[in-house]
1. Arrange the following residues from fewest to most other Cβ atoms within 10 Å of their Cβ: PHE123, PHE37.
2. What per residue convex hull volume, in Å³, comes out for the chain when only alpha-carbon positions are used?
3. Quick one: net charge of LYS126's neighbours, Cβ under 15 Å, K/R +1, D/E -1?
4. Which FRET efficiency, nearest 0.05, do LYS166 and PHE124 yield, Cβ-Cβ r, R0 22 Å?
5. May I ask you to sort VAL215, VAL335 by Cβ crowding, counting other Cβ atoms within 10 Å and putting the fewest first?
6. Taking neighbour counts of Cβ atoms within 10 Å as a proxy for exposure, in what order, fewest first, do CYS287, CYS116 appear?
7. So how far apart, in nm, are the two label points at ARG229 and PHE332 if each is 7 Å from Cα heading toward Cβ?
8. For the chain, with a Gaussian network of springs between Cα atoms less than 10 Å apart, report the residue from ALA127, ALA239, ALA339 with the top mean-square fluctuation.
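Just so you know, all these numbers are worked out from the coordinates, no wet-lab data involved. Only a predicted model underlies this, so the values are computations on that prediction, with no experimental measurement involved. With ideal geometry, Cβ positions are generated from the backbone for all residues, glycine too; neighbour counts draw on all protein chains shown.
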Amino acid sequence: MSESIEEFAKHLIKNLAKRGASDIHILPTRNRYRIYFRTSNELIEWQKVTIELGSRLIAYFKFLANMEVSEKRKPQSGAAELEIGELQKSLRFSTITNFNYQESMVIRLLLSKQDCKLEETTFFPKAIGELQQLVSAKSGLILFSGPVSSGKTTTMYHLVKEQVDKKQSQVITIEDPVEIEQPEFLQTQLNEEAGITYEVILKASLRHHPDILIVGEIRDSQTAKNVLRGALTGHLILASIHAKDTEGVLLRMLELGVSLLQLQQVLLAVVSQRLIAKKCSLCKGNCHFFCTHFPHDHKKATLYEILSYQLLEKRLQELQEEIFNRKQTNGFNEVLRKAYAYGYITKESYQQFQIR
């Protein structure tokens with residue numbers, strides 16, 4: 001190969017970013033490295049390179065991200081900006097070494113901006129109108145869920161940016177890491193080594209009195225409770241949380257120690273979204289990556305499940321009743337009572353083992 005490792009790295013990023021890749025995987029086999037890229041849920045092989053070139057490529061990216069180049073035993077993570085012509089790409093790196101002492105690397109390509117309208121990215125544009133109405137609220141909490149790379153951050157940013165364009169507002173984001181650069185927002189980023197956690201930034205952000213707060217992810221009980229407090233004190237908060245669907249989001253919040261009463265007071269909506277491949281008349285199925293019928297950034301569209309207003313209120317009420325009934329008819333207590341009724345256990349044992 002005549003080009004330098006720097007030129008090869010830039011060529012790799014430029015080509016795969018142009019094709020809509022969200023991640024690049026540099027993975028070792030016994031005698032070569034394979035380079036793959038991911039578009040949503042599809043992993044596609046790009047090319048094979050020698051062990052030497054693959055190792056040099058990983059070492060170059062580690063150097064770029066201020067990671068320890070010589071350290072191959074421990075998993076590492078880092079970030080860097082790479083200039084490609086007039087474009088600046090934000091990259092996130094992570095490495096893991098296999099049992100043969102061969103390093104692998106995954107590169108996440110972050111977005112700098114999104115120019116298309118949300119209505120153009122979904123199967124049913126009516127859902128965007130409902131989301132826009134929800135984001136126009138003065139205060140409350142809107143929760144988003146969906147798999148990695150399903151577009152949660154893009155959706156939140158688009159909705160808030162449209163709101164800011166209509167009415168001047170102060171927006172603060174708390175992320176790990178910042179995925180979309182938006183100059184009109186005050187964007188903050190976690191640094192746990194320096195003690196800058198979600199809890200620390202969230203408390204500081206609320207003292208800044210923002211109109212809208214975007215929280216990258218609710219990961220633990222403390223973050224969930226602080227988000228609830230922020231919404232209760234008159235802020236509009238958009239946050240993401242990992243769950244399978246809208247029902248799962250409600251259960252996850254309860255699991256994190258948030259009460260149903262708190263949710264009933266501040267929760268405006270729960271949104272679950274998926275990025276799904278479009279049906280292509282040329283491919284006779286899902287639009288293939290190399291098909292030219294749809295542009296690369298239009299091969300998939302978002303499907304939204306929105307639980308809001310009366311439907312949300314009804315579901316929260318049903319959850320309250322289910323929890324009450326569960327307490328009244330605990331499964332274990334039922335079979336325990338049956339064992340006592342059949343005379344298999346004593347009254348003392350029955351009372352001792354009851355779940356209250």
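1. If I rank by nearby Cβ atoms, fewest first, I get PHE123, PHE37.
2. Working: hull volume 78.3 nm³, N = 356.
In the chain, the Cα convex hull volume per residue is 220 Å³.
3. Values: positive: LYS117; negative: GLU119, GLU120, GLU130, GLU305.
Counting the neighbours of LYS126, the net charge comes to -3.
4. On the way: r = 23 Å, r/R0 = 1.04.
Efficiency for this residue pair is about 0.45.
5. Result, fewest neighbours first: VAL335, VAL215.
6. Ordered from fewest to most neighbouring Cβ atoms within 10 Å, CYS287, CYS116 come out as CYS116, CYS287.
7. With each label placed 7 Å out from Cα toward Cβ, I get 3.3 nm.
8. Of the options given, ALA339 has the highest mean-square fluctuation.
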